[in-house]
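The values are calculated or read from the model by the stated rules, or taken from the named source; none is laboratory data. Predicted model, so just to flag it, every value in this text is computed and none were measured. All Cβ positions, glycine included, derive from the backbone under ideal geometry; neighbour counts span all protein chains shown.
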Amino acid sequence: MAHGQAEFLDLMEQVVAGSDDAATKLFHDYGPLLLRAIRKRLSKRIRSKFDSTDFAQDVWASFYARERDNCRFQSPEDLLAFLTKVAHNKVAEKTRQRLKLQKYNVTREQSMDDSTKFDRERLIGNQPTPSYIAMSQEEWNEFLRKQPLVYRRIFILLREGKTRAEIAEEIGISVRTVQRVTDKCAPGAP
């Protein structure tokens, strides 16, 4: 850490001027203290979600995003107080998000390995699998291929959701004929 007041002020002037060496020195001098402050405030319940170095990077990003005139600190204690306050705010924000808000609340999470906390049957989707859809489409195409042309048209319109009356009107046949064809040739009919 910079030892004297003059040395600290010189370091800060170099940081404000954009010196990479000064930024590196500042990081090496204050980085461990910042990490300690973050770890002190980071709740054990969210430590599995966040690394303290992520917060440290956010703090440094906030420090360097400030306007140059706002980066003037009179003592190492002032700088450390600023970095600690920013870290506290960032940790508090994530803690609030992960423990109080519903969307990202860690207390709502359930382990996939612990079968006592959830019903495994509920994890199985009720949508058909891609292979089932492909097989159904193949069966449908095979069924249609075996039908006479008019029957094909009836079944295609039926699959599109049209009523028997609408199909009869569109094709120009009686509703009774449409009913007879669908009853006789429908997939799965005896």
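Some points to look at:
- Qualifying residue in segment 89-96 (condition: assigned to a helix (DSSP H, G or I) and under 24 Å from residue 17 (Cβ atoms)): no
- Residue check for residue 48: exposed (fewer than 12 other Cβ atoms within 10 Å of the Cβ), over 22 Å from residue 17 (Cβ atoms) and among the small types (Gly, Ala, Ser): yes
- If you filter segment 13-26 down to residues that are surrounded by 15 or more Cβ atoms within 10 Å (Cβ to Cβ) and under 19 Å from residue 56 (Cβ atoms), you find that the one that is modelled with the lowest pLDDT is 15.
- If the condition is being loosely packed, with under 14 Cβ neighbours inside 10 Å and assigned to a helix (DSSP H, G or I), then segment 136-149 contributes 136, 137, 138, 139, 141, 142, 145, 149.
So that you can scan it fast, the table gives a plain yes or no per residue for (1) of a type in the set (Phe, Trp, Tyr); (2) free of Cβ contacts under 8 Å to residues at least 12 places away in the same chain; (3) more than 18 Å from residue 85 (Cβ to Cβ); (4) outside any helix (DSSP H, G or I):
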| site | (1), (2), (3), (4) |
| --- | --- |
| 28 | no, yes, yes, no |
| 31 | no, no, no, no |
| 40 | no, yes, no, no |
| 62 | no, no, no, no |
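- Output for segment 174-184, where each listed residue is surrounded by 15 or more Cβ atoms within 10 Å (Cβ to Cβ) and either of a type in the set (A, V, I, L, M) or within 14 Å of residue 152 (Cβ to Cβ) (or both): 178, 181, 182
- Only one of the numbered conditions (1) closer than 23 Å to residue 17 by Cβ; (2) in contact (Cβ under 8 Å) with a residue 40 or more places away in the chain is violated by residue 78, and that is (2).
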